[in-house]
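*Asks:* I'd like to ask some things about the structure below.
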Amino acid sequence: MRKSDKSTKNYQTDTRLVNTGRSSSDLECFVNPPVVHASTVLFESTEELFSGRAKYHYGRRGTPTTEALTDALTDLEGAHGTVLTPSGLAACSLALLSAAKAGDHILITDSVYEPTRNFASVVLEPMGVEVDYYDPLVGSDISKLFKSNTTAVFTEVPGSQTFEMQDIPAIVAAAHAHDILVVLDNTWGTPLYFDAMAHGVDMTIQAGTKYIVGHSDVMLGVVSANEKAWTRLELVHGAMGYHVAPDDVYLALRGLRTMGVRLRQHQKSALDMALWLEARPEVDRVLYPPLESDPGHEIWKRDFTGACGLMGVVLKNCTKKQTLALIDAFELFGLGYSWGGFESLVIYADPRNYRTATVWDEPGQLIRLHIGLEDVADLKADLEKGFAALSSTEG
Ligand SMILES: *Cc1c(COP(=O)(O)O)cnc(C)c1O
C-alpha cells in the first residue's frame, strides 16, 4: 500500500495483514523492506547530529526494518506505539518493569506463564516490588485486592496451560477506577482474535515467537501500549538496551503476512480435534474456550472473535507413567516447548507445582497440545497410537 497514512484500519483483517507496515520503507517500490544490518548511523554534519532532525540515530534504536514491523503491529493492535524484545519473556519482563518501581504493588494472575512468575520472584520482589497473585476467575472483585500502592494488574487470557478465561472488561473497569494499569499477555488470542486495546488494556504483549513468526525459527517479543502507558514503556525499553536482530525482524514480518490464513486453519483443526478428544473415553475434559462445555465459553464468545491451536487435555483415571507413555508414543506430535509454529506439539503439564493463590485440583493428568497445520486425520491417528500406549502401560 503506497500511501503516507500508515493506518489500515478501514480494511478487513486479511487486507490489513498484507498491507500494514509497508509504507515506512524508504524503498517502498519493493514489496518488502530492506534488511538493514546496522550499528552506526552516519550523520551529514555535527549540525544534523545535534539538531534531532535525523530519522535514525543508532542501530539499537531502530532501522527501516524494525520500523516496518513496529508500524505494522501498532496499526494492528490499534496502539500508540510498539517495541520489540529478544523474546516473549523479555516482553513480559519489560512490561512489568515499566509498570512498577520499588515500593509499588502489582497483581499477577495465578494462571500466568510460569517464567513470568519466575521473573517476578527473581527480579521484581528482590528489587522491592510487592507481588500478589490473584484467582483468574476473580472478575470485578479484583478491586478487593488493590492496595494504595497498586500500580498494575498483569493478566493472561486464557492461561496458556490451564486455559481459564477472565472477564477483562470487568478487570479493566475496576483497575482504571483506581488509576491502575492493565497489562495483558495476549499471545493466545493474538491481536486478530482479541482486540485488547479496544477492551481497555493499556499494554498488550505478544510472544512473537508463537504465531507472528509462525515457523518455529525465531524468538521475538512485542509490547504495544496506549498513549498513557507508552511514554514509560518507550523509556524503559531504551534504558534496557533491547534490540532484535534484523534478520529475525524480517522473518517476523514475513510470518505476519500469512498469520490470518494460518490461524484460521489452526482454529479449524483445533476445534475439530477438541470435539473428537472430548468424546474419547480416555479424556475427562478438554480445556479449550471455544467448546460449549468449557467454563469460560460465554466470556470467550462475548469478547473473542476466534481461537488459536493451543488446548489442554485432562486425562481420566491414569497415572503420570501412563501419560508419559502416551506422549512418547506420538510420531507427529513433537515433544517440546513453545507453540504457534506450523507443526503439532505436546508437552506434559503439572500446574500444581507453581500455583500459589488457587489450587489446581483437576484429578486427572494434564497434557497440552498445539494443533499444527498437518492433516487432522493423521493427527487423530497419532493420538490413537498414544491412547493405545496408555492402555497397554501398567499404572
Ligand atoms: C511462550 C510464551 C511466552 C514467552 O515467549 P518466548 O518467546 O518463548 O520467551 C510468554 N507468554 C506466553 C503466554 C507464552 O506462551
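The values are calculated or read from the model by the stated rules, or taken from the named source; none is laboratory data. The structure displayed is predicted, hence computed values, not measured ones. Positions of Cβ are backbone-derived with ideal geometry, glycine not excepted, and every protein chain shown enters the neighbour counts.
*Asks:* Would it be correct to say that Glu343 is surrounded by fewer than 19 Cβ atoms within 10 Å (Cβ to Cβ), within 16 Å of the ligand (Cβ to nearest atom) and in contact (Cβ under 8 Å) with a residue 40 or more places away in the chain?
*Replies:* Judged against the criteria, Glu343 is a match.
*Asks:* Going by the conditions given, is Gly306 out of contact with any strand residue (DSSP E or B) (no Cβ under 6 Å at 6 or more places or on another chain), at pLDDT 95 or above and more than 26 Å from Asn19 (Cα to Cα)?
*Replies:* So Gly306 does not fit the description; no.
*Asks:* Could we say that Tyr193 is modelled with pLDDT of 95 or more and either touching an Asp or Glu at 6+ places or on another chain (Cβ under 6 Å) or surrounded by 24 or more Cβ atoms within 10 Å (Cβ to Cβ) (or both) here?
*Replies:* Numbers: modelled with pLDDT of 95 or more: yes; either touching an Asp or Glu at 6+ places or on another chain (Cβ under 6 Å) or surrounded by 24 or more Cβ atoms within 10 Å (Cβ to Cβ) (or both): no.
Answer is no for this residue.
*Asks:* In this structure, does Glu362 turn out to be over 26 Å from Asn118 (Cα atoms) and away from the ligand (no atom under 16 Å from the Cβ)? Can you show your working first?
*Replies:* Details: over 26 Å from Asn118 (Cα atoms): no; away from the ligand (no atom under 16 Å from the Cβ): yes.
For Glu362, the condition - over 26 Å from Asn118 (Cα atoms) and away from the ligand (no atom under 16 Å from the Cβ) - is not met.
*Asks:* State all residues of the stretch 204-240 that are part of a strand (DSSP E or B) and near the ligand (Cβ under 9 Å from one of its atoms); if no residue qualifies, say none.
*Replies:* The answer is Ile205, Gln206, Ala207, Gly221.
*Asks:* Here is a list: Val122, Val138, Val153. Which entry is more than 13 Å from the ligand (Cβ to nearest atom), among the aliphatic types (A, V, I, L, M), without any contact (Cβ under 8 Å) to a residue 12 or more places away in the chain and more than 30 Å from Val35 (Cβ to Cβ)?
*Replies:* Only one candidate qualifies: Val122.
*Asks:* Can you tell me which residue among His199, His243, His237, His176 is of a type outside the set (Phe, Trp, Tyr), in contact with a helix residue (DSSP H, G or I) (Cβ under 8 Å, 6 or more places away or on another chain) and closer than 26 Å to Gly103 by Cα?
*Replies:* Going through His199, His243, His237, His176 in turn, just one is of a type outside the set (Phe, Trp, Tyr), in contact with a helix residue (DSSP H, G or I) (Cβ under 8 Å, 6 or more places away or on another chain) and closer than 26 Å to Gly103 by Cα: His237.
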